[in-house]
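What follows is a set of notes on a single structure, which appears directly below.
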Amino acid sequence: MGEDTNIEWCDHTFNPWMGCTKVSTGCDRCYAETFADKRFGLVEWGGPPRRTSAAKWREPWEWNRAAEREGVRRRVFCASLADVFDNQVPEDWRRDLFGLIDATPWLDWLILTKRPQNIARMMPAEWGIYQNVWLGVSVENQTEAKRRIPILQKIPAVLRFLSCEPLLGPINLRRLLDSIDWVIVGAESGKGARPMQQGWVRSIRDQCHTHQPRVEFFYKQDAKRGKKISLPTLDGVQHIAWPEVKS
C-alpha cells in the first residue's frame, strides 16, 4: 500500500477536483460518492465538480522531488474521486493538470476513466511528450469490456491498463488484451455490495497469464459480507504484479 493512500496499487493519490456523474452499472454504488458527498459533503455528486486547493496541487511537486532524490519512481492515481475526462470539467483545469504531469517526470500518473470516448478530444495537443502517463479504463462487465477496451487500445500511451472493479460478472478478454499491459481486479465492498465469484477472478487471471505477451495481473480486493479484504489470495497465492514500462 502506498505512502498516503489506501489504494493498494499506487504510492499516492491526487484529486485535482472532486465530483462526477454516473455513466454505467459500475457506478451504482460509487465509493467516491459515498465518501465525498454522502459522508463528508465535499461536493454534490452529479453536480459541477469542485477544484481542490492550491495546497493539494503543490503535493505532487513534493512527491516528485522526493522520488528524484531517492532515485525511485512513484505511482500516482489521478483522480480517485473524479474522472479526468468528464464533460463537466472545465478545459483550463485539465490543461493545468497536464501541465503538472509534464512537470513531474519522476511520477507515473495512472489515469483511469469510464469515458474513453472523450480522451482523443480532451487530451492535450502535445500528448506524445507524456511518457509518464498510464492510461486505463474501468471494465465491470462484458458489455463495458467490448465498448471501452477497443477505444483505449487506439489511444497512444506508454502503458495501458484495465480496472475490473467492481467486477460484476464473468468477462472474456481473450480477444481484447492486445496492447493491454496490466489488469486489476477487485470486488465491490461496503453496505449492499454486489457479490463477486472467485471463478470470475480465476478466469481473468488465467486469460492474462496465457496471453502472448503475458499481461500482469493484480488482485486488489475481495469482500465478505460487504467488508473489504485487501490483497486476498487466489488458490493460495497473492497476485500483486505491476507492469514494466517499455523503453
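Candidates in segment 76-98 are the residues that are hydrophobic (A, V, I, L, M, F, W, C) and either in a strand (DSSP E or B) or under 18 Å from Leu152 (Cα atoms) (or both); of these, the one that is farthest from the chain's Cα centre (by Cα) is Phe85. Each residue in segment 1-29 was checked for being part of a loop (DSSP other than H, G, I, E, B) and under 14 Å from the mean Cα position of the chain (by Cα), and 9 pass.
Of all residues assigned to segment 237-244, at least one qualifies as being outside any helix (DSSP H, G or I) and at pLDDT below 95. If you filter segment 46-59 down to residues that are touching a strand residue (DSSP E or B) at 6+ places or on another chain (Cβ under 6 Å) and outside any loop (DSSP other than H, G, I, E, B), you find that the one that is surrounded by the most Cβ atoms within 10 Å (Cβ to Cβ) is Arg51. Restricting segment 204-226 to residues that are part of a helix (DSSP H, G or I) and within 21 Å of the chain's Cα centre (by Cα), which is surrounded by the fewest Cβ atoms within 10 Å (Cβ to Cβ)? So, considering only residues that are part of a helix (DSSP H, G or I) and within 21 Å of the chain's Cα centre (by Cα), the one surrounded by the fewest Cβ atoms within 10 Å (Cβ to Cβ) is His209.
For the residues Leu176, Leu167, the requirement of being in a loop (DSSP other than H, G, I, E, B) and either of a type in the set (Lys, Arg) or over 18 Å from Trp9 (Cβ atoms) (or both) singles out Leu176. Annotation for segment 182-200: at least one member residue is surrounded by 15 or more Cβ atoms within 10 Å (Cβ to Cβ) and in a helix (DSSP H, G or I).
Let me spell it out: the conditions are (1) surrounded by 18 or more Cβ atoms within 10 Å (Cβ to Cβ); (2) of a type outside the set (S, T, N, Q); (3) part of a strand (DSSP E or B), and Ile229 meets all of them except one. Which number is the exception? Condition not satisfied by Ile229: (1). Restricting segment 85-106 to residues that are of a type in the set (A, V, I, L, M, F, W, C) and touching a residue at least 40 places away in the same chain (Cβ under 8 Å) leaves a set whose member that is farthest from Thr21 (Cα to Cα) is Trp106.
Would you confirm, using the coordinates I've provided, whether Val133 is touching a residue at least 24 places away in the same chain (Cβ under 8 Å) and more than 25 Å from Arg69 (Cβ to Cβ)? Taking the combined requirement at face value, the residue does not satisfy it. On the stretch given as segment 55-69, residues that are among the aliphatic types (A, V, I, L, M) and within 15 Å of Ile101 (Cβ to Cβ) total 1. Among the residues of segment 26-78, those that are modelled with pLDDT under 95 and among the hydroxyl-bearing types (Ser, Thr, Tyr) comprise Tyr31, Thr34.
Applying the selection to segment 114-150, what residues are assigned to a loop (DSSP other than H, G, I, E, B) and among the small types (Gly, Ala, Ser)? The one that is assigned to a loop (DSSP other than H, G, I, E, B) and among the small types (Gly, Ala, Ser): Ala125.
The values are calculated or read from the model by the stated rules, or taken from the named source; none is laboratory data. Note that the structure is a prediction, hence the values are computed from the model and not measured. Counting neighbours? That spans all protein chains shown, and the Cβs are built from the backbone with ideal geometry, glycine included.
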